[in-house]
1. For residues that are in a strand (DSSP E or B) and more than 25 Å from the chain's Cα centre (by Cα), scanning just segment 205-238, find the one that is farthest from PHE250 (Cα to Cα).
2. If you go through segment 254-291, how many residues are hydroxyl-bearing (Ser, Thr, Tyr) and at pLDDT 85 or above?
3. Restricting to segment 60-82, name every residue that is touching an Asp or Glu at 6+ places or on another chain (Cβ under 8 Å) and hydroxyl-bearing (Ser, Thr, Tyr).
4. I need the full set of residues from segment 230-251 which are touching a strand residue (DSSP E or B) at 6+ places or on another chain (Cβ under 6 Å), closer than 21 Å to ILE271 by Cβ and surrounded by fewer than 18 Cβ atoms within 10 Å (Cβ to Cβ), in order please.
5. GLU89 fails exactly one of the following numbered conditions: (1) farther than 30 Å from LYS232 by Cβ; (2) at pLDDT below 90. What is the number of that condition?
6. Hey, among the residues in segment 92-111 that are closer than 14 Å to HIS59 by Cα and of a type in the set (D, E, K, R), which one's modelled with the lowest pLDDT?
7. Please go through segment 251-276 and give me each residue that is out of contact with any Gly (no Cβ under 9 Å at 6 or more places or on another chain) and free of Cβ contacts under 8 Å to residues at least 40 places away in the same chain, ordered by number.
Amino acid sequence: MNIRKVLVLCTILMGMLGLNACQSAGGNAQVKNLALNQDKRMGVIQSLGGAHVSSQATHLLRLDDGKTLFLKSALMDLGSPKYAAKEVEVAGSILRTTDGNELMDVMNIDLIDRDTSVIPTIPQWVNYSQPQLQIGLKYRDDYKLQEDQDSLTLTKIPKPSQPDDGLAVSAIANASSASGTASISPKNEAFISVKVISRDINYNLLEYLGVVSDSASDLLSKGLVKSKITQKALDSYKSAKSDGTEVSYFVKSGFTYQLKFTAGDSSTQVIDQNLFYDVLASVNFGTDAVK
């Protein structure tokens, strides 16, 4: 039988029998080809240890940013020793389970072959409390914490540049200087700050904001709206800009606070905002925040 007839026969079998016919003819190569059109994620596979999960997941993928993705597979051995403690790229269809989690049905796994010295460590969450500011929260250790008498600031720690990055930036900067064009702006990093404006229980926050009352029209004239923030759903006055900046003002246990978030560069704005909301979900203010 010539090659053309074989290809025609394979096409007919694919239509009649589906993927199994391709697997019998081409093995895992067919699976990999199909996986090219699937979602892909990189991380380290970990077993759920037999824990019961409604999504029928057997493993999870721990991503570089600390998040996780549930995994299952009828085609791949997710528990194979060759994947243990190794960074891999998994490909497959991602579904959302009834409990709101994402689950990938894995169709292909590839080992990531790169220098382990440049693989980023998984960020860890740190518990923090400050009685002087009456603040308790959790933050990720890829943010730097700075505090003083009246405020604290969390600033995203820049990722270390690759050796060639500095040379490339220097070359572009020199070229820009020679041509008379503007120099390259440094990368902006996201930050979160909390400031105690006043410890006076009688402090007039509306006067500080420059509004007569907290009516919607008065607040809107200053770009403010009423909002609920933190896990305790505190009443606040909030302003937000299209660049991701958010500022909220509120009172708790006689302290008047300003909570501010500024995103980094536009390429990381969504990631920065999601992390800010994670921090905000953990934060607590007042005398019970540091018990």
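The values are calculated or read from the model by the stated rules, or taken from the named source; none is laboratory data. This one's a predicted model, so the numbers in the text were calculated from it and none came from an experiment. Ideal geometry is used to build each Cβ from the backbone, glycine not excepted, and the neighbour counts take in all protein chains shown.
1. The qualifying residue farthest from PHE250 (Cα to Cα) is VAL225.
2. 5
3. SER73
4. Passing the criteria: ALA240, THR245.
5. (2)
6. If we take residues in segment 92-111 being closer than 14 Å to HIS59 by Cα and of a type in the set (D, E, K, R), then GLU102 is modelled with the lowest pLDDT.
7. Correct list: SER267, ASN274.
Results for (1) part of a strand (DSSP E or B); (2) polar (S, T, N, Q), shown as yes or no for each residue.
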{"residue": "TYR249", "(1), (2)": "yes, no"}
{"residue": "THR256", "(1), (2)": "yes, yes"}
{"residue": "LYS260", "(1), (2)": "yes, no"}
{"residue": "VAL270", "(1), (2)": "no, no"}
{"residue": "ASP278", "(1), (2)": "no, no"}
